[in-house]
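The values are calculated or read from the model by the stated rules, or taken from the named source; none is laboratory data. Bear in mind that the values here come from a model prediction, so they are computed numbers and not experimental data. In this analysis, Cβ positions are derived from the backbone assuming ideal geometry, glycine residues included, and neighbour counts consider all displayed protein chains.
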Amino acid sequence: MNDLTFDTNLLNVDSPFILDTLIQLILAFVMALILRGVYIRFGTSISNRKAFSVNFFLLAMTITFIITIVKSSLALSLGLVGALSIVRFRSAIKEPEELAYLFITIAVGIGLGANQIVPTCVAFTVVVLAIILNSKISGKEEHYSSNSNLSLLFKNTDNLPELEQVLAVIKPHCKAHVVRRYRKQNGILDLGILVEFGTDNAIDKVRAGIETLDENVEIQFLNPQSLAL
């Protein structure tokens, strides 16, 4: 019977494999931290960027770890393909910008996991600078102080406002808005609008403006974590 052997050098903290893996994971964390700051500061997505960008850390470090393990073994690579065919990752990506940042994160993980540290760092730096430069050129470097889901329910059967009237009240006080729900029937107008406010007191201004359309309107603001404001 053949003797089973185990390379005890892998358990040595001074082993090059262990040190390289630690360096790669630390770099993945640092790059994900930088990318998160860039996404929050210069991103234009109307969704909650702070909550979404938390995934950058886990994704970058996990991919780095996976590539580090499977890069030197064909059997492990095939096993990874089999595992991914069973486990399906589903994410509610609503905007192309979110997908682009996820691709950057994945590229960082793959590059660091393959021990291509210098090319990955150089490429990452160029991409980040390109994002910042593009934001400044296009004039979209502002970030917003408040994101809210605005829910409106009008029950005035005699004189329901039109959608254009409601948006005319909201637009002057927000940087971006997306109508997510619109239902008008049987004397009821139900609206769900995702808005990004530029100032903290914009919510009060929007509320006062909407109440001029119908003083009996039901107004509800929800933050991205669905907590009532």
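Just a few scattered comments:
- Qualifying residue in segment 167-175 (condition: among the charged types (D, E, K, R) and modelled with pLDDT of 80 or more): yes
- Of all residues making up segment 21-43, the number that are in contact with a helix residue (DSSP H, G or I) (Cβ under 6 Å, 6 or more places away or on another chain) and under 17 Å from ILE132 (Cα atoms): 9
- Positions within segment 158-210 being acidic (Asp, Glu) and under 14 Å from GLN220 (Cβ atoms), in sequence order: ASP190
- Among the residues of this structure, THR120 does not count as one that is touching a helix residue (DSSP H, G or I) at 6+ places or on another chain (Cβ under 9 Å), part of a helix (DSSP H, G or I), closer than 14 Å to GLY43 by Cβ and modelled with pLDDT of 90 or more.
- Only a single criterion out of (1) among the hydroxyl-bearing types (Ser, Thr, Tyr); (2) more than 20 Å from ALA123 (Cα to Cα); (3) assigned to a helix (DSSP H, G or I) is not satisfied by THR68, namely (2).
Every residue, every condition in (1) modelled with pLDDT of 90 or more; (2) of a type in the set (S, T, N, Q); (3) surrounded by 13 or more Cβ atoms within 10 Å (Cβ to Cβ), yes or no:
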site: MET1; (1), (2), (3): no, no, no
site: LEU4; (1), (2), (3): no, no, no
site: LEU10; (1), (2), (3): no, no, no
site: PHE17; (1), (2), (3): no, no, yes
site: ASP20; (1), (2), (3): no, no, yes
site: LEU27; (1), (2), (3): yes, no, yes
site: MET31; (1), (2), (3): yes, no, yes
site: ILE34; (1), (2), (3): yes, no, yes
site: VAL38; (1), (2), (3): yes, no, yes
